[in-house]
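Everything below concerns the one structure shown next.
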Amino acid sequence: MVTAAERVSSHKWGMVVDVDRCTGCQACVMACQAENNIPLSTEDIYRQKRTFAWIRVERYWYGDFPDVKARFIPIMCQHCENAPCEPVCPVFATYHNTEGMNVQIYNRCVGTRYCANGCPYNVRFFNYWEPVWPVSLRNQLNPDVTVRSRGIMEKCSFCVQRIRRGVREAARDGHDLQDGDIGTACTDACPTNALVFGDYNDENSRVSIMAKDDRKYTLLDALNTDPNVLYLAQVDATGGAIGGHD
Amino acid sequence: MKLSRREFMTLAGGSTVGAVIFTACGVPADELLVEAPLDLPEDLVTGIDSWFATTDDSGLGVIVRVMEGRAKKIAGNPDYPINVGKHAVHSDFALQALYHPDRVEGPMRRRSAGQPLVPISWDEASDLLAQWMTDADGNLAVVTNPIRGGDARIAGDVASAFNGRLMFFDPLEQGVLHQAVKTVFNQNRIPEFDIANAHTVLSFGCDWLGTWLSPVRYSTKYGDFRGGDHRGFMMHAESRMSITAAAADQWLTVKPGYEGDLAISIASVIVKEKLVPDANISAYTANIPQGELDNWAPELVADRIGVSVERINDAARKFAGEGPSIAFGGGSAGAQTNGVFNLTAVYALNILAGTVGKAGGIQFNPAGSQDLPDSATGASFEVWEEELSQWRAGNVKTVILRGADLVHGLPRSVDAGGALDNVDNVVAFTSVLDESSTHANLILPENSYLENWGLDVPEPAPGYEVVGIRQPVVNAPLDGETKARLYDSRNFLDTLIQAAGSRVPVNSVKEFVEDTVADIFSAGRGSVTAGDARLFMNGVLQRGGWWDVNATETTGSPSNISSPIAKAAGPGLSEIEVGVEGHVFTLVPFAHQSLLDGRNASTPWAQATPDPITTVAWSTWAEINFDKAKEMGISEGQWIKVRTTVGEITVQAYPHPGISPDVIAIPIGQGHKEEIGGRYAEDRGENVLNILVDKKESETGALAWAATRAVVSKSGGKKEFPKFEGDAKDIIRPAEHGVPILIVEPGQTAHEAEEHNHELHLRFISNDE
């Protein structure tokens, strides 16, 4: 099926996560926090279970000691083609754009939180409070990214500011965008290259090639959300001896 | 028709006009693109960003995005050979350290013991420092974190100019590792581990993907190891599941201190079954008496070391199987009384594998460029005991501290604070007050690395010469109202040079960097080519350093391989107090993934980053085996007492299945007292280093920081952890096997695995099984 995005845009942005390479190091998490002016998750916010993490690394235990494994998986907005968060927004603050991205318009959001209820991946975060930084720490804030105020829903944007910059600079310099010209904060940071960002409409891009891997799967596939974030399964070279298939 | 957004909103305010606009213009596809503020004229922040290359405190090459004089983002330098464009979880913390609200604003002096610190001018502080250094001629100690390259050369020159000594402090020093590398390979510097080209990796005790040595470099290699044409097989031996153990295909749950026995037992299987070429066996056994290896047969050691016979045999066959294979170790494996034996036995496995100096194996590093110091590790605990005794006796007149929090990082038994109190003049360079600086009578605010010139020689190097250049990328921000600088800090080395005056041969760090780069230019080789020295300097600054991939010549090849069993010994764990109620554990401290040894504790991002294994943030926890905790009646969040013969701390328990039942593991980095470490670190958690017993590695005198035994008992009550786990898991609970982490066997497709899992699930819900 040709999606709306494929019909009208030359780009279809997406990400492939090779779970077999992820070490759980949190470099992606921190890079995202710094790039996107994400409010600090204080100790109180942790206790309230309202932490902000546009990308998070979940840890799952498999098996029991000593045949035990801790496995990690990075999870961010899946930028679904059939996104459950989009039709429930009464003010069209969240919608699907022409480049395969699920986007959030902050100044249109009225804070109903319906989208967070609808999202099966739990990747939307609501600003219950005005974000606060000491004055000196505000020097670090990224001027390309809006600081969201109280009452606003936010989530992974695929670092849209970097995409816009990349597109604009390519146009300025008179060349076509090449695979790798644009990276999100998390993919740029990831030391094992477990996270790869690119354009599915470029059949030679790394994401397009990885999307053909036999290990490809999507999260909560049965819900038919058709995510633009694909995962490559983790390999268990011990033949299931550590509880992977039990 | 071109309208600004504000004009558009004004017009659209009236519904009739708005309807007309929409009718006339339609909604072009581009309007559906969400626009970053950069594209919105009324929100546009004026200014152009620039990216500057520099080298961070951990030896990574970074590029820093600077906009209107403010550092906005730190990323890996794609050119720099160590990290090739990638960075660590802690890289961005430097931004918050730079703009930390509790940075020391200016020099402060304490005129007498017990008196408060009072602000003084830099002129007064500089004069005082020069006076105290001169007064201390022959009795001066300059103490820093381990530094290399030009930084070490300058600091050493200053110390020598006053007949003093430059000493390095690192709570988790690598002296045992250096000694083992020297013993096995006759090398003075840590070699390169060619993980990317190895097929089998066997590591011991070191969290090389998390916190050990150069985790970003090793992680990039690990990515290639996993993602190449042929997926490698990895085994890791450690008593606690670090993220390295989690990444391994096979986790070997060795008891602390028995890593050497495990390595030799693996070797005994390889030798007995002749799993490698005869030449390799001959080289390995050259100095081992006939039949001695039989004493390490798996059947004889399995119970003692905590790894089953089957696992040892399997590890040996895998290691000797498809190569190239590489073995390396460190961390808790070396932090034992028999640490050199453990690591010698580990590194000797490479001789058996026959991969020393080859692709996929151990590769030696050349000496540092321009004869600059290329290797640094903290002085041993034994040396520190002696040094502190001199301070305590009043034999040292001036101590200069920088990046070395002795009071926080040394066991309580040596009373580093008390020793500092007996020194006449204690000068602390720091940006946020730490435990040791509270004993100083002169506090000097230090620059962030983002404000400094410097020259680093990274260790471990990538197999060839590399010089990292540090350059200032920002200035101190100004107060919004007064326009005064928010803090008035200086480069530690420049301040020392100024105080030393004509006693040292350089006038500034910048001058040293320029002179060194000019010398490199005159050699006419390496990564930068230019017509003159000025252009060459520009090229070096733009790339964040200089390297020569052809400069690989090494010295000191092993000529006579010593016996890996010559130093065989069991671990000498500490005594426990008689009569104390509780269960006995081996206490294994470990470097926190984001706080490391505590150096990042002051930044809120470091505090808020969840630990990968426990997901806990903002606190100290104790990892304890799930079943053992159940046996003791301990549940998650329970307060427990961890008592050694030196002292006691009370922390919350985090039971999980990934730790040996006889081990309790506690992260380092917290435990700063009230008003210490800034608002985000003060009075938070506990410092496990302070209750370590002063057991020493028998050959090097290093602190055997994983050789303390502790008695653990329940304390009153429990409290919920500030942790990430629980935020999402209730939503994304595994609906069936393989959700969300799908696991495939080699060669199996995702679809096949999903079908198999679904079949299992259907059987489960229909109660067929």
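Over the heavy atoms of A:TYR60, what accessible area does a 1.4 Å probe trace out, to the nearest 10 Å²?
30 Å²
Given H placed on each backbone N at 1.01 Å, which residues far from A:ARG50 in sequence or on other chains put an amide H within less than 5 Å of it?
Long-range HN contacts for A:ARG50: none found.
Give me the net charge for the shell around B:ALA568: Cβ to Cβ below 14 angstrom, other residues only, Lys and Arg +1, Asp and Glu -1.
So the environment of B:ALA568 carries a net charge of -3.
Sorting A:LYS155, B:LYS673, B:LYS567 by accessible area (1.4 Å probe), largest first, what list results?
Sorted descending by solvent-accessible area, the residues read B:LYS673, B:LYS567, A:LYS155.
Heavy-atom accessible area per residue, region A:4-242, 1.4 Å probe: how many Å²?
Here the per-residue accessible area is 36 Å².
Is region B:650-724 rounded, prolate or oblate when judged by the Cα gyration tensor, a ≥ b ≥ c being the square roots of its eigenvalues, rounded requiring a/c under 1.5 and prolate requiring a/b larger than b/c?
Here region B:650-724 falls in the oblate category.
Averaged across the residues of B:215-222, what count of C-beta atoms belonging to other chains lies within 10 Å of each residue's C-beta?
Across B:215-222, the average partner-chain Cβ count within 10 Å equals 4.
Residue by residue through region B:177-187, which ³J(HN,Hα) values in whole Hz follow from phi under the Karplus form 6.51 cos²θ - 1.76 cosθ + 1.60 (θ = phi - 60°), with glycine and proline marked x?
Couplings: 4, 4, 5, 5, 5, 5, 5, 7, 10, 6, 10 Hz.
For A:THR225, what residues show an amide H to amide H distance below 5 Å, using hydrogens built from the backbone and excluding near sequence neighbours?
Result for A:THR225 returns nothing.
Calculate the spin-label point distance for A:ALA116 paired with B:ARG763, positioning each point 7 Å from the Cα along the beta-carbon direction, and give it in nanometres.
Between B:ARG763 and A:ALA116, the label points sit 4.1 nm apart.
For B:PHE204, what residues show an amide H to amide H distance below 5 Å, using hydrogens built from the backbone and excluding near sequence neighbours?
So B:PHE204 has HN proximity to B:ALA237, B:PHE328, B:GLY329, B:GLY330.
Antiparallel versus total DSSP beta bridges in chain B: what percent is that, nearest 5?
Of those bridges, close to 55 percent are antiparallel.
Could you rank the peptides B:152-161, B:573-582 by their average count of other C-beta atoms within 10 Å per residue, with the highest value first?
B:152-161, B:573-582
So with the 1.4 Å probe, I'd like the accessible area per residue for region B:279-340, rounded to whole Å².
40 Å²
Could you tell me the center-to-center distance, by alpha carbons, between region B:427-443 and region B:287-362 in angstrom?
Centre-to-centre distance over Cα atoms comes out at 44 Å.
Got the relative contact order for chain B handy, in percent, Cα pairs under 8 Å and 6 or more residues apart?
Computed over chain B, the figure is 16 percent.
Measuring from centroid to centroid over Cα atoms, what is the spacing of region A:54-112 and region B:49-79 in Å?
30 Å
For region B:620-630, take each phi angle, set θ = phi - 60°, evaluate the Karplus expression 6.51 cos²θ - 1.76 cosθ + 1.60, and give the result in whole Hz per residue in order, putting x for glycine and proline.
Going residue by residue, I get 10, 9, 10, 7, 9, 4, 4, 5, 5, 4, 4 Hz, with x marking Gly and Pro.
What's the carbon and sulfur percent of chain B's accessible surface, probe 1.4 angstrom, rounded to a whole number?
Percent of accessible area from carbon and sulfur atoms in chain B: 48.
For B:ASP515, project a label point 7 Å along Cα to C-beta. Then give me every residue of region B:488-503 with its amide nitrogen under 17 Å of that point.
B:493-503
Can you sort B:TRP212, B:TRP51 by solvent-accessible area, 1.4 Å probe, largest first?
Largest to smallest exposure gives the sequence B:TRP51, B:TRP212.
Which order do B:HIS178, B:HIS87, B:HIS751 take by accessible area at a 1.4 Å probe, largest first?
The residues order as B:HIS751, B:HIS178, B:HIS87, largest area first.
Between A:GLU130 and B:ASP683, take the C-beta separation as r, use R0 = 25 Å, and let me know the FRET efficiency to the nearest 0.05.
Working from the Cβ atoms, E equals 0.45.
List the accessible area buried at the contact between B and A, summed over both sides and calculated with a 1.4 Å probe, in Å² to the nearest 100.
Counting both chains, the buried surface is close to 8400 Å².
Which value, in Å² rounded to 10, gives the accessible area of B:PHE52 with a 1.4 Å probe and all protein chains present?
Here the accessible area works out near 80 Å².
Helix-derived [θ] at 222 nm for the protein assembly as shown: sum -39500 (n - 2.57) over DSSP H runs of at least 4, divide by residue count, nearest 500?
-7500 deg cm²/dmol
Run the quick spin-label model on B:ALA286 and B:THR650: label points 7 Å from Cα toward the beta carbon, then report their separation in nm to one decimal.
It is 5.9 nm.
Label B:ASP127 and B:THR555 with points 7 Å out from Cα along Cα→Cβ: what is the distance between them in nm?
The modelled label-to-label distance comes out at 4.7 nm.
Check cross-link reach from A:LYS49 to the lysines: straight Cα distance under 19 Å, and skip same-chain residues fewer than eight apart.
A:LYS155, B:LYS718, B:LYS719, B:LYS723, B:LYS729
Hey, what's region B:96-231 come to in accessible area per residue, 1.4 Å probe, Å²?
32 Å²
Cα to Cα, under 13 Å, and not fewer than 8 places away if on the same chain: which aspartates and glutamates meet these conditions relative to B:LYS696?
Partners within reach: B:GLU173, B:GLU382, B:GLU385.
Straight-line reach from B:LYS72: which aspartates and glutamates have a Cα under 12 Å away, not including same-chain ones fewer than 8 places off?
A:GLU35, A:ASP144, B:ASP49, B:ASP92
Rg (Å, one decimal) plus Dmax (Å, integer) for the alpha carbons of chain B?
28.4, 99
Using the Karplus curve 6.51 cos²θ - 1.76 cosθ + 1.60 with θ = phi - 60°, what ³J(HN,Hα) values do you get for each residue of region A:115-127, in whole Hz, with x for Gly and Pro?
4, 5, 5, x, 6, x, 9, 6, 10, 10, 10, 9, 7
Taking 0.36 nm per residue of separation and subtracting the Cα-Cα distance, what length does fully extending B:GLU299 through B:ASP278 add?
Once the chain is fully extended between B:GLU299 and B:ASP278, it gains 5.1 nm.
The values are calculated or read from the model by the stated rules, or taken from the named source; none is laboratory data. Since we're looking at a predicted model, the values are computed, not measured. Note: ideal-geometry Cβ built from the backbone for every residue, glycine included; neighbour counts use all protein chains shown. When the accessible area is computed, the model is the full protein with side chains, heavy atoms only, and any ligands, DNA or RNA have been set aside. Shrake-Rupley method; radii C 1.70, N 1.55, O 1.52, S 1.80 Å.
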